[in-house]
1. Any residue that is of a type outside the set (Lys, Arg), within 20 Å of residue 444 (Cα to Cα) and out of contact with any helix residue (DSSP H, G or I) (no Cβ under 7 Å at 6 or more places or on another chain) - is there at least one of those in segment 383-397?
2. Look through 448, 366 and report the one residue that is modelled with pLDDT of 90 or more, within 17 Å of residue 471 (Cβ to Cβ) and of a type in the set (Val, Ile, Thr).
3. Of all residues being in a helix (DSSP H, G or I) and small (Gly, Ala, Ser) in segment 220-250, which is surrounded by the most Cβ atoms within 10 Å (Cβ to Cβ)? Just the residue, please.
4. In segment 397-420, how many residues are surrounded by fewer than 18 Cβ atoms within 10 Å (Cβ to Cβ), closer than 19 Å to residue 29 by Cα and either hydrophobic (A, V, I, L, M, F, W, C) or in contact with a Ser or Thr (Cβ under 6 Å, 6 or more places away or on another chain) (or both)?
5. Return a yes/no flag: does segment 251-259 have any residue that is at pLDDT 85 or above, over 30 Å from residue 124 (Cα atoms) and in a strand (DSSP E or B).
6. Scan segment 187-199 and tell me whether some residue there is among the acidic types (Asp, Glu), surrounded by fewer than 19 Cβ atoms within 10 Å (Cβ to Cβ) and either within 18 Å of residue 145 (Cα to Cα) or free of Cβ contacts under 8 Å to residues at least 24 places away in the same chain (or both).
7. Residue by residue through segment 326-355, note down the ones that are surrounded by 19 or more Cβ atoms within 10 Å (Cβ to Cβ), within 35 Å of the chain's Cα centre (by Cα) and either of a type in the set (Val, Ile, Thr) or within 25 Å of residue 287 (Cα to Cα) (or both).
8. Name every residue in segment 236-268 that is within 21 Å of residue 456 (Cβ to Cβ) and polar (S, T, N, Q), in order of residue number.
Amino acid sequence: MALSQGLQQKLLQKLSPQQIQLMKLLQIPTANLEERIKEELEENPALEEFKEDLHSDSENPVDEFDSSDDEDFELDGSEEQYDNIDISEYVSEGDDEIADYKLRDDGYGEQEERQTLPFKVETSLHENLVNQLGMLSLDERQYTIAEQIIGSIDDDGYLRREITSIVNDLAFRQNIETSEEEVESLIQQVQQFDPAGICARDLRECLLLQLQRPLEASNENVQNAIVILKKYFDEFIKKHYEKIQRSLSISEEQLKEAIQVIIRLNPKPGGALEEVNKAASYIIPDFFITNQNGILELSLNSKNAPDLRISEGYRDMLKEYDRGSKKDKRQKEAVLFIKQKIDSAKWFIDMIKQRQHTLYSTMHAIMTYQEEFFLTGDETTLKPMILKDIAEKIELDISTVSRVANSKFVQTEFGTYRLKFFFSESLSTDSGEEVSTREVKKILTDVIEAEDKTKPLSDERLTEILQEKGYNIARRTVAKYREQLNVPVARLRKQL
């Protein structure tokens, strides 16, 4: 095998550590930025949060270097690095812009800054079910088996594990011998817990458990609903209502009332508690847009971006070193460590500032591009807009705009929107005008909402209606948009 040498020229683009960290900071929403800043404050003692009552002499960072054991401190760098330490830029007069560096910006919302951040207290589904175990008369062994059953329930409230697997888990992990019959018996007891329908093995059993509660089962409509679920479940989910009506020999009105009973049931009982917890959740907007007499004003939410500065104590230590005449190895090692920490703190402050600048620039470009929507709130006024359009306006990379758009929210007088909501492809009309696919989806939604639910519109008919309105669109595109809107096909939208 012959060996050969040759020259190759490659063009590579590598991100610096600072650029990588900035990309990570851009992805963090305002709700999580406070935690990230807290982590940096804990890791770097040269960085501190500016407070009016903060005194530099309240804490003495010099204590970090009071140890008498020289070998406990390892210097990063060479002998030359700490023999030639230049700290002139850290101790020169008139450098207050370093110590008093603040992250305040004219675009920050002052009112939001004064607000406190809400928090919530949640009880999980499994905790709720375990609490209800106390209502059953169980010995210690049965209680452990019931706990194992509850622990096997999914977040949506279903028990999807096979009984044999639960029996095996109890034998191997809990050293408890049991039978499938005993486990089934305890499952049936757990199924009586709240929320109704919990611990079901499938949707059919879940719905039946809700209907078979004593207060429900005596109703005639409920009885018809139970029969439908037990004997005609497949026909029900496929909406073959005529076949069900003929088989049960009931009137169309009776069938309609029975169907309404089933529709009102909860297909995900575990989600009931989750929805309560979600009600206590809050979306914290990253931006605020207000309309001041026809002029849009943009502000950033600075609630979780506190004022940061370099620690006065650390800068004072450098000044003490500079004034001293005796500079032994121990002092030089310590001052190099301090210098590195201050550099790191300055860099982090700069990254936070860059983050805020990038967020503001990106949102301002979006606001300008979609000005008509922010003035009216009408979704049909949204222009076709892709990431490249904004990236070119603010002269940033498309990936940077994508990071901002995917994780940030803006609050307007018409509601709170994720930024990626404003991005959409274009579609041409009969007149050759480019319109946003968001506009087409909005019209499609309005048409479907206005349809006769006893005779829902097919995709072919929806396509014809949109074409009549001047939109050049194919049936497969209409089907794609309908699926993106989570709208089922016509047959499944049919109502009695």
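The values are calculated or read from the model by the stated rules, or taken from the named source; none is laboratory data. Predicted model only: the values in this text are computed from it and were never measured. Don't worry about glycine lacking a Cβ; one is built from the backbone with ideal geometry, like all the others, and counts go over all protein chains shown.
1. Yes, that holds for at least one residue.
2. Answer to the selection: 448.
3. My answer is 225.
4. Selection size over segment 397-420: 1.
5. no
6. Within segment 187-199, not a single residue is among the acidic types (Asp, Glu), surrounded by fewer than 19 Cβ atoms within 10 Å (Cβ to Cβ) and either within 18 Å of residue 145 (Cα to Cα) or free of Cβ contacts under 8 Å to residues at least 24 places away in the same chain (or both).
7. If the condition is that a residue be surrounded by 19 or more Cβ atoms within 10 Å (Cβ to Cβ), within 35 Å of the chain's Cα centre (by Cα) and either of a type in the set (Val, Ile, Thr) or within 25 Å of residue 287 (Cα to Cα) (or both), then 342, 348, 349, 352, 355 are the ones that fit.
8. Across segment 236-268, the qualifying residues are 245, 260.
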